[in-house]
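Report on the following structure.
The values are calculated or read from the model by the stated rules, or taken from the named source; none is laboratory data. From a predicted model like this one, the values you see are computed outputs, not experimental measurements. Don't worry about glycine lacking a Cβ; one is built from the backbone with ideal geometry, like all the others, and counts go over all protein chains shown. When the accessible area is computed, the model is the full protein with side chains, heavy atoms only, and any ligands, DNA or RNA have been set aside. Shrake-Rupley method; radii C 1.70, N 1.55, O 1.52, S 1.80 Å.
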Amino acid sequence: MWFSRQFREAFLHKILPTLSILHVSWMFRMNGVSSVVPVADWVYRLTFDICNRVPKSPGTPSSLWRIIVYNIHRVISWFVSSASSEKAEADWENPEVVGRCKRAGHVPLYSFRDVPTALKFWSEGGGWSSRSKLPNVLLLNGKWDFHLAAAPQDAPVDFFHSNFDTSLWDEIDVPSNWECQGYDRPIYTNMFYPFPLDPPRALRRGVWSSSNNSTASSQGGDLSLIGGWKWDPEIKNPNELENPTGCYRRAFDLPEGWTENGRRVFISFGGVDSAFYCWVNGQRVGYSQDSRLPAEFDITEVLVPGKNFVAAQVMRWSDGSYLEDQDHWWLSGIHRDVILYLKEAVFISDYMVKTSLPEKRGGPARVDVDIRVQEAVTSEVALPTDVIVEALIFDADGTQIACVTSRPEDLLWSDPAEVYGQPFDKDQPQFNRKALLSLSVPAARLWSAEVPYLYTLVVRTMTPTATGNTSSRRFVPASDVEACRIGIRSVSISEKKLWVNGVPVIIQGVNRHDHCPKNGKAVSEESMLQDVLLMKKYNFNAVRTSHYPNHPRFYDLCDEYGLYVCDEANLETHGFHAGMHPTPFLANIPQWRQAYISRMARMIQRDRNHASIIMWSLGNEAGCGSGQRAMAEWARENDPTRPLHYESGGSRSSCTDIICPMYARVYTCEKMANEDPNDHRPVILCEYSHAMGNSNGSLDKYWRCFRENSAVQGGFIWDWVDQGLEATAPSGKTFWAYGGDFGDKPNDAQFCINGIVFPDRTPHPAMEELKFLMRPVTFQVTNLLKEEANCTRVKTDSELVNLETWISSNPRIVVRNWLNFTSLDHLKTTWLILADSGARLEEGVLDLSSIPQDAEVELPWKAFLPDLVFLAKKVSTLRTAAQTSPLHNWFLEFRTTVKETTRWCDAGHEVAHTQITLPVPVNGFPSPSMLSIPKSLSVHSDMVRVFTLGDDLLQVQCADGVHMAFHLSGPKIGTIVNMGSRGKLILEGGPSPCFWRAPTDNDRGGEAISYCARWRNAGINQLQTVQDSFPTVTQTAGPDGSLRIAVTLTMTPCGSNRKGVAGISVTLTHDIQTNGIVDLNMVATASKSLPPIPRVGLRMRCSSELQAVDWFGRGPHECYSDRKASATFGHHSSNAVDMHVPYIVPGENGGRADVSWLALRRREVIPEQPLTIKGNKLRASARTDRGTVAPAPGLLVSIPAGKVAQVSVQQHSLEDLESSSHEYQLEESRSRGDGTVHVHVDHLHMGVGGDDSWTPNVHPEYLIPTGSKWQLSLKLAALVHDDDAFEMHRHLQ
């Protein structure tokens, strides 16, 4: 009994919501338990090599002893010296060296020639491509000579010399990742390092193997996050490169005059993965690590007039790779721009902007600018040149509104900018000075994500010049000019809230990786802009740059278009994990400290002038140790204007100013927000709702919390884009690849496919749900429910008051403006009364322009909207009432659009919609006064004719050419073989019982306790009719000439009849009317010992010609029981191709919820104009099925009154969806199949889940527990002639 399936399922049902090991571990992490258990770090240090190394002969005494001795040696060395006993010699294997001769971090420098050039550049948008056209900038992007060596020691000798012959080398595009150009291979891991752990060395020397199948296999295998990857160093893999090293070279012509008059020339590499040396004309000019921040070198002294040569040696792996174990592709090379830029002898090397809010709205604001000036010490320059600096501010129209000029004595000596992890072996001596200028901006306009108003700040140097024969001097502008756009805004934390400009703001955020499906990490400006525009159009207001600083142009776009940014340091050490959770292993080793601080400092130094950045993040999943504390200390000291964000090691540690849990459930967020009244930090989820495939269920619960609990201020969805890379299938078909598709080992399979947009930026259906939940304006109608306390529940007919009672209660429309800084005067709101016939009964415009920001108002219904009692009576008397008047329900819709074109959208773009079910008359809607009978129902015969075709088939003939056949034996006993009308087949199989679905990624998550594993263990994927139980088909003739065909059968795994095998009992009844209507009823009861099942429904195969689909229910996009808030009731149209959602890993998809009827036809819909009631006249048609009608028959599936179904229609079978691991395999299976259209009609369908993708987490109300009786009824009817589907459905009710 204790080990029975029934007991196991009951036990799992009880413990899964709260007590799974993974969930407990996650709770520890969110509440910081790991940070107060230092022994965990000691244990990890002792055991991590044992867990990741496989000796040549596992289990032998010598091998075990070798591991023990090895680890004792490592532990002693770590505790005594906190470093490896073997001194690393190479820079890329020395954690204390993160750069050589690399310039200190600073804001992007453009080196404008003059002020007008700077103003023109920014007034035109500051495009990154425009930067290359500036006169003091030389872009080195394009074709470079390239050679890939197996390791650094294998690089061609002296390849960096000017006279080296590269005629046999290849060419490669810069920027790019060489793996995306056909060299080496991409590797995807989520938390495992793709090399054996041996810090600071990172070498792929040996062979990787896995005890688990961690990919989506051809059998739909379970997704494993702990895939059991092991490394055997004793086996040599000749196809594996130990440390691939890219050798780059190119020539360039130096513009004339660039090295004259003391000018300085710098080369800047925007991003190189992971470490590299740079040479110019054979001279080494520097070394750098940190693949997501710029590396700049002063190359003035090595340049020559005319042609010059630049070379780079890029190592794929370095000690820096241990700090870059983010959940994305491991890709290498020069992946961001390479530029040269020119500076005057006395030049602006950096400048920092700090803004203060006006004391009162519309008053002046203060802007402080800290300008750093640098001058090289040379044989000609022994003393610093006198210089003054000037700062100017221009408004958005280009008008100068502020100017401040320093005096020579205002420039003070300053220390050199801080650098970390750089031995000063060839440091160029400099004069370093600084000046602090303060400006007053009159009538200041503030920056926010809603109103991203930007000023242009220009700073310039001025040097003395003699005038005539006098000794007097005057200062004239020099050509060194810098400029950027700035926003005036403030950020603060208090009272458990994040405040922007003194207003609490809900973070409507998303995590974003730099990703291009073709070019990897080399992301174009067009792609970045596409991301920003999509985010704005779908109501996002924030983005987290997970998990590294993004391309600098991305921040310009966030400034311009309005997105709050959490800027994250390039730091993650997830591979040093314990139970999936990272430890501060490297953070607590002193030799790594400089590398940690460098990554934080240089990010802040580069990005601090961006108004869009409202918080800094210390990185992701790297534990919380002394390294993180040093980073936090540096950040707070150097930029106290922004809060810090950091989740790892405990989401409420001292390193974070925001409680930022990861995948915390709603109840956990609420508890964290309220449990400590002395903790004034808000709760903002750094990651939530894991968007892996068909996911993001129960999002509405998060957003109810965000908008009702002021201390829980939103979060960042994980994540933005599916990180699929373009690849070519054996058939030549291009597809999006994930981990393992390139032969990469180790890999974490499709765990990189978890975005809310596809790689080409086509939105997932879940984007509609997010847009809806984050809409800026919401509507409610009062007094709708009998019990107002139930207003948060889904309303049923029994809960709604009747129309007459409701009207007499003087109902009100409650309008809430969720915008923080703007009224609704820029938006237009329309309203519509919609019948369940699809007709637009009445509509108008609602003027909400006077509603201010963050306000709620109530509008009396009678003053703004029509009398519904009168309207209900009027529509029933119209000539077209059979097609237009409501049958069971009607709805009120509000739609809010943008009035005028903006930077990010065109006029008419919809930002919000709300649909509300309205009360119905106490006696229901009046029957239409003129109700004709559809032609398909007007033809009858005396009786249904029956013909037996052998022992296996029963042929049934009805009126008007409708015919069908039934199985009398075999596994499909009692179901329809086919059904046709007028010589054309409309059904080619079924409906037959179905309790299985093609597993989604979320179904697979959870290892042995995943839904998918439990379903398979119970055999739900193999249910078949038990043959030797001898089910028989009964035939009963009705008095009206109808025929009833019924069968009761039992379905078990593989049709087994073994005693104790759990199964499902099913009774199928077909009542066939003389006019060809089939009334189908299924009653099913599942054994209580079975786990919750994925669906209870019927499946059928329709003719391949029935491609056009119409339905009334929720839509138009895909929706499921736990993700349907955004899907409105209406008459929707699509086709079998578009109903399919091409998730990169195929699985259950394309469902539509709460459907009343479904029609499939043989033609694409040709809709006419919407049908609207105006007075007593009919204008046009909302009905999309009233286009040109083909004479060939279609199929109607009608659900009984008061019931709804979950449906899906597509070209791919459940079996193909389950067995395919890529979309192209689906297409290949389709081409080999019979071409039929696959239709599912479900009484119940389990939710998709999405709180995370590694535990079974569909909420209880969206599960389908076993042990109870289910009943599904529907009617099947052939649609012929010009039958109207809704009219037919009305008559069948």
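Scanning the stretch 237-273 for residues that are of a type in the set (Val, Ile, Thr) and at pLDDT below 95 yields a count of 1.
Determine, yes or no, whether Ser1208 is surrounded by 24 or more Cβ atoms within 10 Å (Cβ to Cβ), within 22 Å of Ser1133 (Cα to Cα) and under 28 Å from the mean Cα position of the chain (by Cα). Answer is yes for this residue.
Quick grid of which residues meet (1) surrounded by fewer than 23 Cβ atoms within 10 Å (Cβ to Cβ); (2) assigned to a loop (DSSP other than H, G, I, E, B); (3) in contact with a Leu (Cβ under 8 Å, 6 or more places away or on another chain); (4) without any contact (Cβ under 8 Å) to a residue 24 or more places away in the chain:
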{"position": "Ile973", "(1), (2), (3), (4)": "yes, yes, yes, no"}
{"position": "Met979", "(1), (2), (3), (4)": "no, no, yes, no"}
{"position": "Leu985", "(1), (2), (3), (4)": "yes, no, no, no"}
{"position": "Gly989", "(1), (2), (3), (4)": "yes, no, no, no"}
{"position": "Asn1002", "(1), (2), (3), (4)": "no, no, no, no"}
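Of all the numbered requirements in (1) surrounded by fewer than 24 Cβ atoms within 10 Å (Cβ to Cβ); (2) polar (S, T, N, Q); (3) in contact with a helix residue (DSSP H, G or I) (Cβ under 7 Å, 6 or more places away or on another chain), Ser695 misses one, and that requirement is (1). The set of residues from the stretch 526-543 being within 20 Å of Gly724 (Cα to Cα), buried (at least 18 other Cβ atoms within 10 Å of the Cβ) and of a type outside the set (A, V, I, L, M) comprises Ser527, Asp531. Of the residues making up the stretch 1114-1147, those that are part of a strand (DSSP E or B) and touching a Leu at 6+ places or on another chain (Cβ under 8 Å) are Arg1123, Phe1129, Gly1130.
Screening Ile1264 against (1) surrounded by 20 or more Cβ atoms within 10 Å (Cβ to Cβ); (2) in contact with a Phe, Trp or Tyr (Cβ under 7 Å, 6 or more places away or on another chain); (3) aliphatic (A, V, I, L, M) leaves a single unmet condition, (2).
Which one is surrounded by the fewest Cβ atoms within 10 Å (Cβ to Cβ) among residues in the stretch 624-642 that are assigned to a helix (DSSP H, G or I) and touching a residue at least 40 places away in the same chain (Cβ under 8 Å)?
It comes out as Ser626.
A count restricted to the stretch 157-210 and to residues that are open to solvent by less than 40 Å² (accessible area, probe 1.4 Å) and among the acidic types (Asp, Glu) stands at 2. When the residues of the stretch 229-249 are narrowed to those that are among the charged types (D, E, K, R) and open to solvent by 50 Å² or more (accessible area, probe 1.4 Å), which ends up nearest to Lys143 (Cα to Cα)? Here the answer is Lys236.
The requirement of being free of Cβ contacts under 8 Å to residues at least 12 places away in the same chain and out of contact with any Ser or Thr (no Cβ under 9 Å at 6 or more places or on another chain) is not satisfied by Arg445. Only residues in the stretch 841-855 that are under 22 Å from Phe891 (Cβ atoms) count as the first member; pair them with residues that are assigned to a loop (DSSP other than H, G, I, E, B) and aliphatic (A, V, I, L, M), Cβ under 7 angstrom, at least 6 apart or cross-chain, and list the lot. Every condition considered, the pairs that remain are Leu848/Leu824.
Search the stretch 630-672 for residues being among the charged types (D, E, K, R) and under 22 Å from the mean Cα position of the chain (by Cα), and hand back the single one that is nearest to Ala691 (Cα to Cα).
Arg665
Can Trp169 be described as in contact with a Ser or Thr (Cβ under 9 Å, 6 or more places away or on another chain), of a type in the set (Phe, Trp, Tyr) and modelled with pLDDT of 95 or more? The answer is no for Trp169.
Which one is farthest from Glu240 (Cα to Cα), of the residues in the stretch 706-732 that are modelled with pLDDT of 95 or more and open to solvent by 10 Å² or more (accessible area, probe 1.4 Å)? So the residue we want is Arg707. For the stretch 643-658, check the following and say yes or no: at least one residue is without any contact (Cβ under 8 Å) to a residue 40 or more places away in the chain and part of a helix (DSSP H, G or I). For the stretch 643-658, residues without any contact (Cβ under 8 Å) to a residue 40 or more places away in the chain and part of a helix (DSSP H, G or I): absent.
Among the residues here, His574 does not qualify as at pLDDT below 95, closer than 29 Å to Ile486 by Cα and surrounded by 23 or more Cβ atoms within 10 Å (Cβ to Cβ).
Let me confirm something: among Ser438, Ser349, which residue is open to solvent by 40 Å² or more (accessible area, probe 1.4 Å), part of a strand (DSSP E or B) and modelled with pLDDT of 95 or more? Just one listed residue meets the conditions, Ser438.
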